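The structure appears right after this line, and notes come after that.
The values are calculated or read from the model by the stated rules, or taken from the named source; none is laboratory data. None of the values given here were measured: they were computed from a predicted structure. Because the Cβ atoms are built from the backbone with ideal geometry, glycine has one as well, and the counts that use them run over all protein chains shown. Side chains included, ligands, DNA and RNA excluded: accessible areas come from the protein's heavy atoms. Shrake-Rupley method; radii C 1.70, N 1.55, O 1.52, S 1.80 Å.
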Amino acid sequence: MPPSPTASPCVFAGDTLYCSAKSGFIPGAHGGVYADTTAHQLRQTMRNQLDNLEEAEMNFGQVVATGVYLDDLRDAEAFDEVYAQYFSTPLPARTLVQQIAPAERKADKDDHYPDLEQMSLIAVKKNSRQ
């Protein structure tokens, strides 16, 4: 699938890792977004972000802030139910915005669904929350 406008690798600045917003896409051949709800897409997004963290020898317990981009703020409650499963308390600081008009939630000819959510994150190497 073509890269999104926010697709880029994570970068370190000192002990702080900054990861661009990722969506619930499956990478590689025949990849794409196959989940039709925000909650299901978020599970794949968390897997994609965990890949980034593990590459940096980090985990979700070191995440201190996230940026959440929903296509419809009415999905915030469903998003929150899944989001909270990946973090210990206290949850990381979070910014939640609706940056685009709600998408038509239908699969295209290749069974791909539109991005309903994306999440960026900031993690600190020395944080030992988990």
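Computed values, structure above
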{"read-out": "Taking N as its residue count, the alpha carbon Rg of the chain over 2.2 N^0.38 Å", "value": "1.03"}
{"read-out": "Lys/Arg +1, Asp/Glu -1 at C-beta; the stretch 7-130 dipole; positive extreme among Y34, V124, G67", "value": "V124"}
{"read-out": "Relative contact order (%) - the chain, alpha-carbon pairs under 8 angstrom, separation at least six", "value": "35"}
{"read-out": "The chain, dipole about Cα centre (Lys/Arg Cβ +1, Asp/Glu Cβ -1), debye to the nearest 20", "value": "360"}
{"read-out": "For the stretch 28-93, diffusion coefficient by Stokes-Einstein and Kirkwood Rh (Cα), 37 °C, 0.692 mPa s, µm²/s", "value": "252"}
{"read-out": "Two-site label geometry, K126 and A84: point separation in nm, points 7 Å out along Cα→Cβ", "value": "3.2"}
{"read-out": "Low-density loop positions, GluC sites (Glu not before Pro), the stretch 58-106 - DSSP coil, at most 12 other Cβ in 10 Å", "value": "E104"}
{"read-out": "Difference of contour (0.36 nm per residue) and Cα-Cα distance, L50 to V97", "value": "14.7 nm"}
{"read-out": "Protein accessible area in the stretch 78-130, 1.4 Å probe - carbon and sulfur %", "value": "52"}
{"read-out": "Helix axis angle, 38-55 relative to the chain longest principal axis, alpha carbon, degrees", "value": "40"}
